[in-house]
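Written out below as structure tokens is the structure these notes cover.
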Amino acid sequence: MRVLALIGVFVIVGLVSALVGTLDRVNELATTVVRVGALIVATEAIGLLVFAVVDLMHISSDRLALGITNAVFFAVYAAGLALCAVGFATLRSWCRGPIVLAQVIQLGVAWSFASRATAWLSAALAVPAAIVLVAALAPSTTQALYGGESDDGQR
């Protein structure tokens, strides 16, 4: 458990240093949009890691295999999202696709919780996913990730 907490700290430190490094590379609007998106994705990754640890702590003998596989799945998912958050913060174009896919999946999960009793959970999942989708698909983000116009004048 301490190892997972240490990994979380290293992810946060790496993300913050990556965010600071992007300031000189893009204009102010793109930097702000990328920062917001990357920080939310990093927060989601930490939440998934916490969920994996909590799941490990509550494994019972009658569901040992299920508990372990769930925890491993969510830990790997968290690691992938953390890697994408760092890539997004450092303006790596490869990370946008996985981030968009993760947010679309999260919107589907939020939809499944859209009942009166779990409306708060639905909103807690849908709002950050929508913000990240807007940040990831914003024109300023596209320009920051892929540069300006191509040789034929097209974007």
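The values are calculated or read from the model by the stated rules, or taken from the named source; none is laboratory data. Owing to the predicted nature of the structure, the values given are computational and were not obtained by experimental measurement. Side chains included, ligands, DNA and RNA excluded: accessible areas come from the protein's heavy atoms. Shrake-Rupley method; radii C 1.70, N 1.55, O 1.52, S 1.80 Å.
A few notes on this one:
- The range 71-155: relative contact order as a whole-number percent, Cα under 8 Å and 6+ apart: 23 percent
- Largest to smallest in accessible area, the residues Phe113, Phe88 fall in the order Phe113, Phe88 (1.4 Å probe, all protein chains included).
- Gained length - Thr69 relative to Ala130, 0.36 nm times residue gap less alpha-carbon distance: 19.1 nm
- Cα gyration tensor, the range 44-149 - rounded (a/c under 1.5), prolate or oblate: oblate
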